[in-house]
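I have placed the structure first, in the form of structure tokens, so that the comments after it can refer back to it.
The values are calculated or read from the model by the stated rules, or taken from the named source; none is laboratory data. Quick caveat: nothing in here was measured; it's all calculated off a predicted structure. Please note: Cβ atoms are built from the backbone with ideal geometry, for glycine as well, and neighbour counts cover all protein chains shown. For accessibility, only protein heavy atoms count, side chains too; no ligands or nucleic acids. Shrake-Rupley method; radii C 1.70, N 1.55, O 1.52, S 1.80 Å.
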Amino acid sequence: SKDEAFFYVFADDFFRCEVPYPQQLVDAFEKAGSNGPVISAVKVEPEDTKRLGMIDTADQIDERTYKVNGLVEKPGAENTPSLFASVGSFLLTPDIMPIVEKEQTGVGGEIVLADAINEYAKSHDVYCRFIDGVWHDAGDKGRYLEAIADHALLDPELGPAFRAYLEERLKK
């Protein structure tokens, strides 16, 4: 339906969670009264702030949910508003679409969703939910391999054989 919230998911981020991270976003959305987008968030190290969108938080709603003033794209440690990164996905509301449609393309011909969220946050509530789980940024080859190994090692069917393979391989 045109008036329902929807997910915007980053293709290079994964979470390993007991409760799927989209459900965690829905839970935060419903707790906030279904009146604003919810951004998935994780705490990161200062050096990560130069490669991630960072969240400027406002009021804390509960243990894992905050209102959001806006996003700052790749600010670096000196200029970041927090150590809370926007990762994985957004649960968006349809009323953001008119703002997205007005956005100009930037470097690489992309519309930066953070710009639309910042515009939206000037007059509407936006939230972030710290995801309960392990986040993997698979945006480069090394991190992608880490995500695959993490998931494979924990799989009850694949894990034991994969672990044995890695142990044998590392002896060489």
Members of region 117-138 that are without any contact (Cβ under 8 Å) to a residue 60 or more places away in the chain and either within 14 Å of the chain's Cα centre (by Cα) or surrounded by fewer than 19 Cβ atoms within 10 Å (Cβ to Cβ) (or both)
E119, K122, S123
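In region 12-30, which residues are closer than 28 Å to S123 by Cα and either in contact with a strand residue (DSSP E or B) (Cβ under 7 Å, 6 or more places away or on another chain) or crowded, with 21+ Cβ neighbours inside 10 Å (or both)? Show your work before the answer.
Within region 12-30, the first condition is being closer than 28 Å to S123 by Cα, and the residues that meet it are 21-30.
Correct list: Y21, P22, Q24, L25, V26, A28, F29.
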Quick one: would you say V100 is among the β-branched types (V, I, T), more than 30 Å from I61 (Cα to Cα) and at pLDDT below 95?
no
Of the residues in region 6-33, those that are in contact with a helix residue (DSSP H, G or I) (Cβ under 7 Å, 6 or more places away or on another chain) and either part of a helix (DSSP H, G or I) or within 10 Å of S89 (Cβ to Cβ) (or both) come to F7, Y8, F15
Among the candidates A85, A77, A58, single out the residue that is open to solvent by less than 60 Å² (accessible area, probe 1.4 Å) and without any contact (Cβ under 8 Å) to a residue 12 or more places away in the chain.
A58
Quick one: V9 ticks every box in (1) open to solvent by 70 Å² or more (accessible area, probe 1.4 Å); (2) aliphatic (A, V, I, L, M); (3) over 17 Å from the mean Cα position of the chain (by Cα); (4) under 20 Å from A116 (Cβ atoms) bar one, so which box is it?
(3)
